[in-house]
1. Going by how many other Cβ atoms sit within 10 Å of their own, how do 129, 174, 250, 39 line up, fewest first?
2. Give me 168, 40 ranked fewest to most by other Cβ atoms within 10 Å of their Cβ, as a rough exposure proxy.
3. Rounded, prolate or oblate for the stretch 198-267? Axes are the square roots of the Cα gyration tensor eigenvalues, ordered a ≥ b ≥ c, and the cut-off for rounded is a/c under 1.5.
4. In nm, give the distance between the simple-model label positions of residue 176 and residue 72, each being 7 Å from the Cα along the Cα-to-Cβ direction.
5. Is the shape of the stretch 145-190 best called rounded, prolate or oblate, per the rule: a/c under 1.5 gives rounded, else a/b larger than b/c gives prolate, else oblate, with a ≥ b ≥ c the square roots of the Cα gyration tensor eigenvalues?
6. I need the shape label for the chain. Rule: rounded when a/c is under 1.5, else prolate if a/b > b/c, else oblate, with a, b, c from the alpha carbon gyration tensor.
7. What distance in nm separates the simple spin-label points at residue 241 and residue 4, each placed 7 Å from Cα in the Cβ direction?
8. In a Gaussian network model over the chain where Cα atoms closer than 10 Å are linked, find which of 139, 246, 208 has the largest mean-square fluctuation.
């Protein structure tokens, strides 16, 4: 498998190049929009387009490299089918993970508050029309998770697994890279935990399909939650935190579903590298 993968150094360069090109084109679009409209600020719709440009450019260098080397995209990006019986435990653990991360976010908010100007980013997820709803769902729930999964869990994690010959290290590093490159220090821990679990799913199933579902589920729930007052959730919240009973159930079902996933996947060919989870 090594012969179809780049070196670790080249894979990092490809990812950085994707981020660089995306940021550059997004900035050029933003500057052009400001000059064209003779305004000092971008509208929400223009900010969304900038975000879209950045997301679209992220995998471009990797796609170009794979195309020039005539490589199989399905293999490179782990776009492999998964068994139906794996879907339920992953969906359950994904939903429970969203709940547990929500509570972690509420706890951390007591110690580290997000700057006001950074909170304005939340406006990007506010749906005020059919058009904005389609754009937001398309970018945040569909396109964003797909692109990030093929880059981080599909491409980069596979390179790490092969080049480091240690899946545990590969999962930890890919999750950390995923968290850092979101450029959000206030959600670093939450994003890292999400990335870690999705990386684990990708390793156990040999596919990004289920991590993609969890990623889309997390983003979708975030979009839905941003449309409502967080306090208007009867039964879910208790004194500003997630109901303890819901937390206990989430912990239990997370444990149950991951244990079931491990039992169902067993010892596969993609699990043969050195790992604490083999």
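1. Least crowded to most crowded, the residues run 129, 39, 250, 174.
2. Placing the least packed residue first, the sequence is 40, 168.
3. Note, shape of the stretch 198-267 comes out oblate.
4. Result: 3.2 nm between the two label points.
5. Cα axes put the stretch 145-190 in the oblate bin.
6. oblate
7. Here the answer is 4.9 nm between the modelled labels.
8. Looking only at 139, 246, 208, the biggest GNM fluctuation is shown by 246.
Taken together, the values in this text are just the output of simple stated rules run on the coordinates, not laboratory data. Predicted, not measured: the structure shown is a model, and the values here were computed from it. Reconstructed Cβ throughout: ideal geometry from the backbone, glycine too, with neighbour counts over all protein chains shown.
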